[in-house]
Amino acid sequence: MQHFVLEQALNFLIQNGSVDIKPLESKVIRFSLIDSFLEVNFVCTNNRIFVTSDTNTPSDVAIKLKPNVFFALFKGEDLTDLLRQDKIQIHGDVKTAQLLVDLLTEADIDLEEMLSQYTGDIVAHEIGKKAEKFKKIAKDSSNPIEALKNGLSNLLISPKVSKRYANKNQ
Amino acid sequence: MLVMILETTQPSKLMKNTTHFGFKEVATDDKQSLVRGVFDSVASKYDLMNDVLSFGAHRLWKRYTIASSNVKTGDKVLDIAGGTGDLAIEFRKKVGESGQVILSDINAAMLGEGRKNLINKGVFGVDYVQLNAQYLPFEDNTFDCISIAFGLRNVTDKDQALSEMQRILKPGGCLLILEFSTTDSEFLKKFYDFYSFNIMPKLGGIVADDEESYQYLAESIRKHPDQETLKDMVLEAGFGFCEYHNLSGGIVALHKGIKT
């Protein structure tokens with residue numbers, strides 16, 4: 001599910017011209033979170049990004065980091081600072097890694113807008129709020145990715161109808 | 001535009017003399033006409049039967065397929081075995097006026113139903129081509145996305161069809177295969193087997209007056225490669241990446257291949 005959401009967010013930004021991935025054309029970037037299940041490839045091709053989990057294929061650059069650093073990146077923390085503090089490992093082209101980090105940072109800003117394309121504004125707003133909550137849970141938790149995964153699962157398994165949506169139909 | 005192109009090139013390799021048609025072993029040359037017979041028979045009730053048999057779930061599976069496609073404005077999309085055009089309608093919305101969507105099917109009756117369906121829904125600007133997935137009549141590197149939903153299992157030589165799809169996709173193009181697959185859940189498997197072989201053909205008899213075709217449907221699903229096998233086939237066809245996502249516990253899987 002994380003792959004799907006991430007892929008949708010990034011491609012939405014590309015389509016709307018918010019980000020330009022031409023510099024990343026034909027690059028495969030492996031992104032992995034240490035001590036967690038998340039290891040993905042960002043395949044940048046044909047002016048779009050595919051997020052895949054098949055990590056047997058060669059990549060141009062590999063980025064390894066801890067989950068809490070992952071969220072720091074989403075909040076726009078400087079990559080150079082994180083590198084200096086040994087919080088992130090990069091094997092390969094650092095410039096390519098920086099470009100990807102820039103994309104991820106922008107994806108966070110427009111999360112709510114992105115979701116509204118698929119779910120409608122009201123539901124997107126609710127999910128956007130939930131996402132912020134998940135991030136807080138993840139930040140406070142000793143196992144942030146698991147907490148995030150559980151939160152997302154709860155939302156999908158037992159979605160609640162927004163009160164505003166209910167009122168709108170009356 | 002309606003174009004009829006069934007075979008434009010010769011097979012790249014010799015096929016075996018026999019193949020499966022459901023649980024039956026038939027001459028390879030006969031399978032295409034047997035499948036055609038099935039779809040000629042069910043074409044007019046196809047949408048209704050999909051809703052009845054899947055309890056409407058096929059609409060969710062297709063919606064997920066569309067969302068996974070990453071198709072955008074200006075893209076060229078080919079929908080193979082597109083039947084009544086569910087995917088083509090959504091692709092048309094995504095590609096806009098500057099894009100192109102081709103709805104194709106080997107079966108003229110199904111393609112006719114698709115065309116009628118799209119016109120009834122006010123969807124214009126879609127091209128219609130009657131074709132065989134094993135011999136795709138397009139230039140190399142033409143499409144940004146190719147989809148085939150619930151069609152691959154009816155193709156006689158799947159490897160050749162996948163190679164053809166790989167050939168006509170642009171680098172970075174995406175292949176989406178939505179197809180019945182294999183569930184790991186023992187409970188679901190038992191329920192699904194009972195439903196497929198006891199309920200589904202009966203419903204086919206009652207609603208579409210064609211029990212036999214729906215018996216074939218159940219059998220053809222069991223003969224279709226499982227998730228991992230199909231993934232290997234996609235990679236073998238030359239795709240750089242292939243992943244699959246199980247839907248409804250693996251009853252259906254969406255394979256996504258990327259040409260690199």
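The values are calculated or read from the model by the stated rules, or taken from the named source; none is laboratory data. Fair warning: this is a prediction, and the values are worked out from it, not measured in the lab. Using ideal geometry, Cβ is built from the backbone for each residue, glycine included, and neighbour counts are taken over all protein chains shown. Heavy atoms of the whole protein, side chains included, go into the accessibility calculation; ligands, DNA and RNA do not. Shrake-Rupley method; radii C 1.70, N 1.55, O 1.52, S 1.80 Å.
General observations
- Within segment B:144-260, helices (runs of 4 or more DSSP H) holding 2 or more residues that are surrounded by fewer than 15 Cβ atoms within 10 Å (Cβ to Cβ) and either within 14 Å of another protein chain (Cβ to nearest Cβ) or in contact with an Asp or Glu (Cβ under 9 Å, 6 or more places away or on another chain) (or both): B:227-236
- Test for A:Val69: is it touching a helix residue (DSSP H, G or I) at 6+ places or on another chain (Cβ under 8 Å), part of a helix (DSSP H, G or I) and more than 8 Å from every other protein chain (Cβ to nearest Cβ): yes
- Residue tally, condition part of a strand (DSSP E or B) and over 19 Å from A:Ala62 (Cβ atoms), over segment A:8-48: 1
- Scope segment B:73-108; condition within 14 Å of chain A (Cβ to nearest Cβ), outside any helix (DSSP H, G or I) and without any contact (Cβ under 8 Å) to a residue 40 or more places away in the chain; matching residues: B:Thr73, B:Gly74, B:Gly96, B:Ser98, B:Gly99
- Of all the criteria given as (1) in a helix (DSSP H, G or I); (2) open to solvent by 10 Å² or more (accessible area, probe 1.4 Å), the one not satisfied by B:Val123 is (1).
- Of everything listed in (1) open to solvent by 10 Å² or more (accessible area, probe 1.4 Å); (2) in contact (Cβ under 8 Å) with a residue 40 or more places away in the chain; (3) closer than 23 Å to B:Leu230 by Cα; (4) not basic (Lys, Arg), the single unmet condition for B:Ile66 is (2).
- One residue stands out among those in segment A:14-52 that are modelled with pLDDT of 85 or more and open to solvent by 50 Å² or more (accessible area, probe 1.4 Å): the one that is farthest from the other protein chains (Cβ to nearest Cβ), which is A:Lys27.
- Whichever residue in segment A:1-13 is open to solvent by less than 60 Å² (accessible area, probe 1.4 Å) and more than 9 Å from chain B (Cβ to nearest Cβ) and, among such residues, is modelled with the lowest pLDDT: A:Gln2
- The residues on offer are B:Phe180, B:Phe187, and the sole one that is without any contact (Cβ under 8 Å) to a residue 24 or more places away in the chain and closer than 22 Å to B:Asn246 by Cα is B:Phe187.
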